[in-house]
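Right, one structure below, let's go through it.
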Amino acid sequence: MDIIKELRDGARISALIKAIERFSDTPVNIMEICGGQTHIIMKYGLPQILPENIEFIHGPGCPVCVMPKERIDHAISLANQDNVILVTLGDMMRVPGSKSALIKERASGRDVRTVYSPIDVLKIAKENSGKRVIYFAIGFETTTPMTAALMEVSIKESFKNIFFHINHVLVPPPIHTIMQSGDVKIDAFIAPGHVSVITGTGIYKPIVEMYKTPVVVTGFEPVDILEAVLMILRQFHDKRSEVETQYRRAVRAEGNTKAQQLIDKYLAVRDTFRWRGLGDIPKSGLMIRDEFAFMDAEKVYKDILPDKSIDDHKVCRCGDILRGKAKPLNCSVFGTACTPENPLGACMVSSEGSCHAYFKYKKAVDI
Ligand code: SF4
């Protein structure tokens, strides 16, 4: 049996559910940090097949969802500059800013393009040597190495027309913000395996030590998630709080040190970064190091970039959802005024957003 079939195998899933039932004697709130894992949980209807006392709380790990409106406004302002091609990832196109969205800017004639990989920016820059190509970079630790690799190639090959607007963010700081807010009770975390492939597992040790919450680093298939739930329940049963790795097929404790070095060469931690729903979080985002300021669009275009905090649409509860305080079904316009075709908020736009997951898999979750 191939690995993916094994990780979706019905018999294995049933055996895991039975094992979980044996260990499940008290209510447990588990936050899955990553939006990709939220989608797996909803796609396979895990809340419906697990014991009722296991509650999944959806976390802030959707990079598009956590971008506040003012960062979208930055992208729109940059796209409106003469001689500029703005490049980003597809999910960013429909996220509403304060007055517009990139997809609307493109429809009105601005040169906004999407790429599957940051390296595709090189081709655009080569073919448009008379224009400035600005890469609007988003993502957690998983995608940051690709942006750093693009910076490396851009410098080595002496590109003069590639610039970067960096919106890379880090997983642990918003977890501390959520835990310290007291808004929601979280007993344990399921952490995204692809982040730990890069960072290693040590980034979660302070969370375990400070809050005594088990953290299990896991993958993106139903068997991965269920094994992580079982590992969490075993920790509770044994009265342990540890960082454990279920995703051993890809994660090493030290992570990818070459990728870490590449990131560190070009990017530094910002003093603070503003998150949708979570506000300003210290040391939670990355920025271009001063020595590479010549390619930093935030510095080159600093006079035209707005820096005003902008609230979400008044009915949108995306911010509460990202804090774990609400679920998509608590939003009064879910599936009516807000759908993937006509999204009011980022959580419905993004392919990793919780609202998008609930909408996409609503049959599986019996909505
Ligand atoms: S359903 Fe739409 S409006 Fe409601 S919280 Fe989600 S994104 Fe916001």
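The values are calculated or read from the model by the stated rules, or taken from the named source; none is laboratory data. The structure displayed is predicted, hence computed values, not measured ones. Cβ: placed from backbone, ideal geometry, glycine included. Neighbour counts: every protein chain shown.
Structural remarks
- Answer from Val208, Val215 - the residue that is without any contact (Cβ under 8 Å) to a residue 60 or more places away in the chain, touching a helix residue (DSSP H, G or I) at 6+ places or on another chain (Cβ under 7 Å), over 29 Å from Met93 (Cβ atoms) and surrounded by 19 or more Cβ atoms within 10 Å (Cβ to Cβ): Val215
- Flag for Phe236 being touching a residue at least 60 places away in the same chain (Cβ under 8 Å), in contact with a helix residue (DSSP H, G or I) (Cβ under 9 Å, 6 or more places away or on another chain), on the phi < 0 side of the Ramachandran plot and outside any helix (DSSP H, G or I): no
- Just one residue in the set Gly277, Gly285, Gly255 is surrounded by 14 or more Cβ atoms within 10 Å (Cβ to Cβ) and modelled with pLDDT under 95; that residue is Gly277.
- For the range 322-335, filtering for residues that are within 6 Å of the ligand (Cβ to nearest atom) and in a helix (DSSP H, G or I) leaves 1.
- Being closer than 20 Å to Arg234 by Cβ, hydrophobic (A, V, I, L, M, F, W, C) and over 22 Å from the mean Cα position of the chain (by Cα) holds for only one residue in Val28, Val84, and it is Val28.
- Taking the criterion of being within 7 Å of the ligand (Cβ to nearest atom), in a helix (DSSP H, G or I) and either assigned by TED's automatic domain parsing to the domain that holds Pro96 or free of Cβ contacts under 8 Å to residues at least 60 places away in the same chain (or both), the residues of the range 336-364 that qualify are Met348, Cys355.
- Annotation: Arg22 fulfils all but one of (1) more than 19 Å from Gly139 (Cβ to Cβ); (2) part of a strand (DSSP E or B); the unmet one is (2).
- Each residue in the range 291-321 was checked for being more than 9 Å from the ligand (Cβ to nearest atom) and among the hydrophobic types (A, V, I, L, M, F, W, C), and 9 of them qualify.
- Of everything listed in (1) out of contact with any His (no Cβ under 9 Å at 6 or more places or on another chain); (2) β-branched (Val, Ile, Thr); (3) at pLDDT 95 or above; (4) within 20 Å of Phe220 (Cβ to Cβ), the single unmet condition for Ile3 is (3).
- Selected residue (criterion: nearest to Gly97 (Cα to Cα)) from residues of the range 263-292 that are free of Cβ contacts under 8 Å to residues at least 60 places away in the same chain and assigned to a helix (DSSP H, G or I): Asp290
- Any hit, the range 8-21, residues being touching a Lys or Arg at 6+ places or on another chain (Cβ under 7 Å), surrounded by fewer than 20 Cβ atoms within 10 Å (Cβ to Cβ) and assigned by TED's automatic domain parsing to the domain that holds His176: no
- Count of the range 84-104 residues, restricted to those that are more than 16 Å from Ile138 (Cα to Cα) and in contact with an Asp or Glu (Cβ under 9 Å, 6 or more places away or on another chain), is 5.
- Any chance Ser181 is farther than 30 Å from Thr245 by Cα and among the hydroxyl-bearing types (Ser, Thr, Tyr): no
- Top-ranked residue of the range 232-241 - restricted to ones that are out of contact with any Lys or Arg (no Cβ under 9 Å at 6 or more places or on another chain) and either of a type in the set (Phe, Trp, Tyr) or farther than 20 Å from Glu52 by Cβ (or both), ranked as surrounded by the fewest Cβ atoms within 10 Å (Cβ to Cβ): Lys239
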